[in-house]
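Input: a single structure, listed below in structure tokens.
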Amino acid sequence: MSETYCGKSCQTCGYRAETSCRGCLEEASRECKLALCCRQKGHKTCDSCTYNTQCGMYRGRDTAPQYRLAQKKAELEYQQELRERGSFLAKWIWVLFWLFIPANIASVIVQWMPSIQVVGYLLDFACGVVYGVVLLRIASRAEGYRWAGILILITALLDGGAIFISNEALALTVSLCSAILSFFSCYNEFNAHANVLEGVDNLLSEQWRKLWKWMLIATIAMIVGVIFTVIVIGALVFLAAIIALLVIGILKLVYLFRTAQTFQDVAAR
């Protein structure tokens, strides 16, 4: 009786030791497609199959071990690359998460603490610059973050410069440009997060895309509310939009945490 389904000799196989193979009959291997085919069709060897002369798997039996070994090596390399990429992304997305907190503190200081408003502006500028630089650092491994980083850096410079502009009309123009660029930086950042999560956590990836859509709707609602603020309905729309943007900010923080944790888990596999 043959020691293999395909009739090859285990003793002369140069890949047996490298693949730690004990033989397809003994191990009932599920890696070998020929062995699996024989078991499914009830054949003891390929010789009893009427289609063996036309079978591509049978004709390729001599190179099958090399192919399986190459597949294993490719899979190991892929998993190693995933772990390295996961470690890199986790590290820098954690930085984004922690930066988001002082950035929001800066916004509170600017809006509600006029006596130390300058501190708020400086903190906001510093957080914006670091946030942009970190996004550009991530872009070295995930290109989608590049434009988000560039736009946030420009936004931070415009916001910082607007403090020193005495002309109200010019300051308003600069602030408006900053707001527009910030809006598009969010679009690029949210989609970049979604893209790197595809195939890793598809649910969280989709949540990032939805968050951008919610932000778009809330921003449009805020603009409409400002235009019609003279009537009650406009004021209500504006208030609802502000609340929605606050909720979106909280969700962004939550999603950053989950994204960093997801890639940390990938790195630990």
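The values are calculated or read from the model by the stated rules, or taken from the named source; none is laboratory data. What you see is a predicted model, and the numbers here were worked out from it, not measured in a lab. Reconstructed Cβ throughout: ideal geometry from the backbone, glycine too, with neighbour counts over all protein chains shown. Surface areas here come from the heavy atoms of the whole protein model, side chains and all, with no ligands, DNA or RNA. Shrake-Rupley method; radii C 1.70, N 1.55, O 1.52, S 1.80 Å.
D by Stokes-Einstein for segment 143-196, Kirkwood Rh over Cα pairs, 25 °C, 0.890 mPa s: 212 µm²/s.
The candidate values are [x] 17.6, 51; [y] 18.1, 63; [z] 29.5, 96; the one derived from this structure for Rg and Dmax of the Cα atoms in Å carries the label [z]. Once a ≥ b ≥ c are taken as the square roots of the eigenvalues of the Cα gyration tensor of segment 171-222, is the result rounded (a/c under 1.5), prolate (a/b larger than b/c) or oblate (a/b not larger than b/c)? Taking the square roots of the gyration eigenvalues as a ≥ b ≥ c, segment 171-222 is oblate. Could you tell me which residue out of Gln117, Ile163, Cys177 lies farthest along the dipole of segment 96-218 toward its positive end? Charges go on the beta carbon: Lys and Arg +1, Asp and Glu -1, centred on the Cα centre. The listed residue farthest towards the positive side: Cys177. Note on segment 206-269: with neighbouring protein chains present and a 1.4 Å probe, carbon and sulfur make up 79 percent of its accessible heavy-atom surface. Ligands, DNA and RNA left out, the accessible area of segment 89-139 computed with a 1.4 Å probe is 77% carbon and sulfur. Counting only pairs 8 or more places apart or on different chains, how many lysine pairs in the chain have C-alpha atoms closer than 16 Å? Taking the chain as the scope, the lysine pair count is 7. What you get for segment 110-269, charging only the Cβ of Lys and Arg (+1) and of Asp and Glu (-1), is a dipole of about 260 debye around the Cα centre. Per residue, the accessible area of the chain comes to 60 Å² when a 1.4 Å probe rolls over the protein heavy atoms. Charges were assigned to the Cβ only: +1 to each Lys and Arg, -1 to each Asp and Glu. The resulting dipole of segment 66-121 about its Cα centre is roughly 240 debye. The distance from the alpha carbon centre of segment 195-217 to that of segment 56-120 is 15 Å, rounded to a whole number.
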